[in-house]
Amino acid sequence: MAGRLAGKVAIVTGAASGIGRTTSELFAAEGAKVMCADINEALVKEVVAGINAKAPGAAIASKVDVGRPEDIERMVAETVKAFGKLNVLYANAGIGDAATAESLSIEGWNRMIAINLTSVWLSAKYALPHMIAAGGGSIVNQSSLAGLIGVPSLPHYAAAKAGVIGLTRQIAVEYGPKKIRCNAICPGTIYTPLVAAVWDKRGVGYGATPGSSLAEQKVQAGMNNPIQRMGEVEDCANLALFLASDESGWITGTAMPLDGGRSAA
């Protein structure tokens, strides 16, 4: 039985861990050829080795710092050279950091915008010509619930993720006639190493009790959602798969909350 991405070629950034790793594995399991890109070369090669052990030749790895435009351009070129085309881009790579608007440094602001917003535009910039040449495709951008609602201690992160939503809508409108779809995923708190690091720096998970363990904070934070748990990486990977596939062929320009109902509350 053919997979939901059979015959498609995809790029996943931030593929070494968390959401990116799970999505890369799912895309390959559903028939895609996958470029797994990450700044952590050793770890992303492990991901690719695991994928290829199940589906030989389904994935390749590239060390990519999305803060470097030349790395993003090379990533796209390597993908097309290896697999002959490009159909799907999942711009997932990002960083997290805790600060307030008054404590945040200009360096911290600029780094966050570069990694979480500028890299999303650059990924699309270099991917679009190849996707158009392939007859169309799907761009999935990783935004955040913080791009839709106010969240304490994330001014630079929220600004970048809101920018991703605006960029997503613009690309959808301009490139829709060329059969390019573009959508943004806006996850609430999904427990990943990035989230754990932000909690550790901030001293507590959002909605959790100071001094509690990370495991306890995960449960406490999840209780803020109508569906009383935190999100898991599989939740995001499954939505990315749907948006990448032809099943979502009339969906574009959206910013989809993936938050257990929190924004509805």
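How many of the residues making up segment 213-265 are assigned to a helix (DSSP H, G or I) and closer than 22 Å to residue 141 by Cα?
Count: 15.
This table checks each residue for (1) crowded, with 16+ Cβ neighbours inside 10 Å; (2) more than 29 Å from residue 8 (Cα to Cα); (3) out of contact with any Ser or Thr (no Cβ under 8 Å at 6 or more places or on another chain).
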residue: 98; (1), (2), (3): yes, yes, no
residue: 101; (1), (2), (3): no, yes, yes
residue: 106; (1), (2), (3): no, yes, yes
residue: 109; (1), (2), (3): yes, yes, yes
residue: 112; (1), (2), (3): yes, yes, yes
residue: 115; (1), (2), (3): yes, no, yes
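Which one of these does residue 34 not meet: (1) without any contact (Cβ under 8 Å) to a residue 40 or more places away in the chain; (2) assigned to a loop (DSSP other than H, G, I, E, B); (3) in contact with a helix residue (DSSP H, G or I) (Cβ under 6 Å, 6 or more places away or on another chain)?
In the conditions (1) without any contact (Cβ under 8 Å) to a residue 40 or more places away in the chain; (2) assigned to a loop (DSSP other than H, G, I, E, B); (3) in contact with a helix residue (DSSP H, G or I) (Cβ under 6 Å, 6 or more places away or on another chain), residue 34 misses (2) alone.
Residues of segment 114-155 being of a type in the set (Ser, Thr, Tyr) and at pLDDT below 95, which ones?
Passing the criteria: only 153.
Mind checking whether some residue in segment 79-87 is in a helix (DSSP H, G or I) and under 24 Å from residue 167 (Cβ atoms)?
yes
Go through 29, 49, 2, 91 for me and flag whichever is touching a strand residue (DSSP E or B) at 6+ places or on another chain (Cβ under 8 Å) and among the hydrophobic types (A, V, I, L, M, F, W, C).
The unique qualifying residue is 91.
Just one of (1) free of Cβ contacts under 8 Å to residues at least 24 places away in the same chain; (2) outside any loop (DSSP other than H, G, I, E, B) trips up residue 184, so point out which.
Of (1) free of Cβ contacts under 8 Å to residues at least 24 places away in the same chain; (2) outside any loop (DSSP other than H, G, I, E, B), only one is false for residue 184: (1).
Among the numbered criteria (1) assigned to a helix (DSSP H, G or I); (2) of a type in the set (Val, Ile, Thr); (3) under 25 Å from residue 40 (Cα atoms), which one does residue 132 miss?
(3)
Select from segment 130-144 the residues that are hydrophobic (A, V, I, L, M, F, W, C) and either touching a Pro at 6+ places or on another chain (Cβ under 6 Å) or crowded, with 24+ Cβ neighbours inside 10 Å (or both) and write down the one among them that is farthest from residue 265 (Cα to Cα).
My answer is 131.
Can you name every residue in segment 138-160 that is in contact (Cβ under 8 Å) with a residue 60 or more places away in the chain and under 23 Å from residue 251 (Cβ atoms)?
138, 140, 142, 143, 145, 147, 148, 149, listed by residue number.
Given (1) farther than 24 Å from residue 196 by Cβ; (2) touching a helix residue (DSSP H, G or I) at 6+ places or on another chain (Cβ under 6 Å), identify the lone condition not met by residue 15.
Among (1) farther than 24 Å from residue 196 by Cβ; (2) touching a helix residue (DSSP H, G or I) at 6+ places or on another chain (Cβ under 6 Å), the lone unmet condition for residue 15 is (1).
The values are calculated or read from the model by the stated rules, or taken from the named source; none is laboratory data. Remember, it's a predicted structure, so these values are computed and weren't measured experimentally. Here Cβ is always computed from backbone atoms with ideal geometry, including for glycine, and neighbour counts include all displayed protein chains.
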